[in-house]
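Please treat every number below as a calculation from the coordinates, not as lab data. Note that this is a predicted model, so its numbers are computed, not measured. Here the Cβ is made from the backbone with ideal geometry for all residues, glycine too, and neighbour counts use every protein chain on show.
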Amino acid sequence: MKIILKQDIDKLGQKNDILTVKTGYARNFLIPKGMAVQATDSAVKVHNENLKQRAHKEEQVRKEAEKLAEKLAGVKLVIGAKVSSAGKIFGSVNTIQLAEALNAKGFEIDRKNIMLGDDAIKETGSHKAVVKLHRDVKVEIDFEVVAE
């Protein structure tokens with residue numbers, strides 16, 4: 001039986017795949033649980049049209065992300081932190097502070113889309129962060145941590 005998957009299923013396929021599975025597996029498990037629908041001619045036509053529309057919307061979102069990446073490439077942030085006499089920061093600089101600094105510059109970036117790397121920033125100086133704007137679009141931002 002041919003089916004269209006509505007979600008990712010381990011060892012079977014990804015969302016929107018059209019597969020052939022055993023009839024009992026489709027009728028007794030996949031379709032009743034809402035994981036798949038039967039791939040009739042009309043369902044396949046609707047599925048293909050939805051994929052085309054989704055691809056078009058995805059392309060527009062990616063282009064907007066690339067435009068934003070070009071604007072972000074030249075941004076230099078300065079983040080103030082309380083520092084000991086030895087140059088160590090009390091606490092650390094995190095993605096929340098970077099997101100607030102970007103919002104102050106006029107960029108609405110969620111903190112969950114900012115990656116600082118392996119270790120927390122606990123010293124003053126220049127550092128880099130990666131901002132994920134889209135699945136395919138990432139931009140590297142330079143920022144400097146200074147003593148307040």
With x for Gly and Pro, the residue-by-residue ³J(HN,Hα) of the stretch 86-91, computed from phi through the Karplus equation 6.51 cos²θ - 1.76 cosθ + 1.60 at θ = phi - 60° and given in whole Hz, is 8, x, 8, 7, 6, x
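Sort out the exposed loop trypsin sites (Lys or Arg not before Pro) in the chain (DSSP loop, at most 14 other Cβ within 10 Å) and tell me the longest stretch that has none. Walk me through the numbers on the way to the answer.
On the way: sites that count: Lys11, Lys15, Lys22, Lys33, Lys82, Lys105, Arg135.
Between the exposed loop sites, the longest stretch runs 34-81.
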List every residue whose amide H lies under 5 Å from the amide H of Asp17, counting only residues 5 or more places away in sequence or on a different chain, with H placed 1.01 Å from N in the peptide plane. Leu5
Express as a percent, rounded to the nearest 5, the fraction of DSSP beta bridges in the chain (both residues included) that run antiparallel. 75 percent
Rounded to the nearest 500 deg cm²/dmol, what is the calculated helix-only ellipticity per residue at 222 nm for the chain, with -39500 (n - 2.57) per DSSP H run of length n ≥ 4? -10000 deg cm²/dmol
Quick one, which of (i) 11.0; (ii) 13.1; (iii) 12.1 is the actual mean projected area of the Cα convex hull in nm² calculated for this model? (iii)
Only bridges whose two residues both fall in the stretch 68-147 count here: according to DSSP, what percent of them are antiparallel, nearest 5? 70 percent
Please enumerate, by chain and number, the lysines with C-alpha under 24 Å from the C-alpha of Lys132, excluding those fewer than 8 residues away in the same chain. Lys15, Lys57, Lys63, Lys67, Lys71, Lys76, Lys105, Lys112, Lys122
Tilt of helix 95-104 relative to the longest C-alpha principal axis of the chain, in degrees (0 to 90, nearest 10)? 80 degrees
